[in-house]
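Quick note: the coordinates plus some simple rules give every number you see, no bench work behind them. Owing to the predicted nature of the structure, the values given are computational and were not obtained by experimental measurement. Here the Cβ positions follow ideal geometry from the backbone for every residue, glycine too, while neighbour counts run over all protein chains shown.
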Amino acid sequence: MNIKSWIEIPAGSDFPIENLPFGIGRNRGGQFAAYTRIGDTAVNLSALDGLGVFAGMEFDFSVAFRQPVLNDFIAMGKAAHRVLRNALQAFFAAGSKPDAILMESLTEKVLFPAASVEMLMPVKVTDYTDFYSSIEHATNVGKMFRDPANALLPNWRHLPVGYHGRASSIVVSGTEIRRPRGQTLPAGADAPVFGPGKMLDFELEMAFVVGRSTNLGEPVAAADAEDYIFGFLLFNDLSARDIQSWEYVPLGPFLSKNFGSVVSPWIVTLEALEPFRVKGPEQEPAVLPYLRTEGLRNFDISLEVLIRPENGAENVVCRSNFRHMYWNICQQLAHHTVNGCNITTGDLYASGTISGPEPGSYGSMLELTWRGANPIRLSDGTERKFVNDHDTVIIRGYAAKDGLRIGFGECTTKILPALT
Ligand code: MN
């Protein structure tokens, strides 16, 4: 099923020629540009365009490829992205190896070892919303903090619950995040204290990037929602649980969430994920008409979270799958805009923590350790109730079917000690 390329693609790579994700890279010379990736090779799209490879096409990418973020490129629209994808697959296909002269220019200006290119934040995040769309996650949290017998609140099966988050603190994989300080209410105390959060957690999520803007007052119908979605990223919604439980009533999470969230550097397009569509869970009771969707609107994407202590080994702490989401992306976008709320190219919509049905598939330490009651033992013998200082949290994700693997690479962040 795989298309062969004249660029070497290692077995098990996240980046065959069917993937062609988009990101912003900076080479050793300090120049940023739009990149794609094939195997372990980062492809400078601006330099490739400069060699005339896209000459005569109906779209001119030259300006969009030279921007410090992908927003302008994304805004060019799906027709342009399709033309580019076809052109790249044709150019890099095994049968069309360039002649020696062109190959020399490519080696010098276009093709770089991926490890030598620094990946930057791929988009200017214009707005950020976080949903709460995993029924397993919402049920686990409801059991822990409310009523085990009535874990889901009455609205949960009727609308995709979400909140408006903070765009300014969303950073690219590799960025270190400092443990936040804030107010917490110690158990049994009647007044809050100030200091470093003691219950720092990850949330395993995916996020989609909006590819088309709307005007205020114009809802997006569920059936049209995918026309407004460019692609997906891995997303770590870092959360300070002790700060959260004190602050969140009545308006929801605030400083427990906005001290840093991390995205993977490559945006994988909806088109690349096409072969991995699956049906979502049965929704009961039936949803209101504006939330009804037809066809396969979930995606079978295997996800894992690892914790790596400083100078230590990686420990898998969670294995989950994006296919578990109760509310799909079309329902999320339809609900978000049904009141007339406008959306913008570059908006980020995160799924909410992606927990599966089994304990090992829960997407946060809160659930995995059941609020610290069942610590996880790492390979070095230490235990974790939550994430420690100097730990690195790594999210990986890929879809695989019939010999084709489309992956996202990594979303990593190291936790630094709080300010003193
Ligand atoms: Mn979240």
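Tabulated results
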{"item": "Dipole-positive endmost among Ala334, Leu152, Ala272 within the chain (Cβ charges, Cα centre)", "result": "Leu152"}
{"item": "Rule-of-thumb Rg ratio for the chain [Cα; 2.2 N^0.38 Å; N residues]", "result": "1.00"}
{"item": "Order by protection proxy (mean Cβ within 10 Å, highest first), peptides 221-230, 310-319", "result": "221-230, 310-319"}
{"item": "Estimated FRET transfer efficiency (Ser105, Ala400; beta-carbon r; R0 35 Å; 0.05)", "result": "0.50"}
{"item": "C-alpha long axis of helix 100-109 to longest principal axis of the chain, angle in °", "result": "30 degrees"}
{"item": "Using a Förster distance of 60 Å, the FRET efficiency for Ala94-Ala191 (Cβ separation, nearest 0.05)", "result": "0.30"}
{"item": "Vicinal HN-Hα couplings computed from phi for the range 184-199 (Karplus, 6.51 cos²θ - 1.76 cosθ + 1.60; Hz; Gly/Pro x)", "result": "9, 10, x, 4, x, 7, 10, 9, x, 10, 10, x, x, x, 9, 10"}
{"item": "Amide N of the range 288-322 lying under 13 Å from the label point, which is placed 7 angstrom from the Cα of Lys279 along Cα→Cβ", "result": "294-298"}
{"item": "Segments 204-217, 152-165 sorted - mean Cβ within 10 Å per residue, highest first", "result": "204-217, 152-165"}
{"item": "Partner lysines for Lys257 [C-alpha distance under 20 Å; skip if fewer than 8 residues away on the same chain]", "result": "Lys124, Lys198, Lys385, Lys414"}
{"item": "Arg319/Asp380 FRET efficiency (R0 22 Å; Cβ-Cβ; nearest 0.05)", "result": "0.60"}
{"item": "Difference of contour (0.36 nm per residue) and Cα-Cα distance, Glu310 to Ser245", "result": "20.5 nm"}
{"item": "Highest to lowest packing among 326-334, 409-417, 180-188, scored as the average C-beta count within 10 Å", "result": "326-334, 409-417, 180-188"}
{"item": "Helical mean residue ellipticity (222 nm; -39500 (n - 2.57) per DSSP H run of 4+; nearest 500) of the chain", "result": "-4500 deg cm²/dmol"}
{"item": "Separation in nanometres of the label points that stand 7 Å from Cα toward Cβ, at Asp227 and Leu159", "result": "2.5 nm"}
{"item": "Pairwise centroid distance, computed over Cα atoms, of the range 89-123 with the range 316-391, Å", "result": "35 Å"}
{"item": "Cα-centred dipole magnitude for the chain, charges only on beta-carbon of K, R (+1) and D, E (-1), debye, nearest 20", "result": "380 debye"}
{"item": "Within straight-line cross-link reach of Lys78, aspartates and glutamates at Cα separation under 15 Å, skipping those fewer than 8 residues along the same chain", "result": "Glu58, Asp60, Asp224, Glu226, Asp227, Glu271, Glu274"}
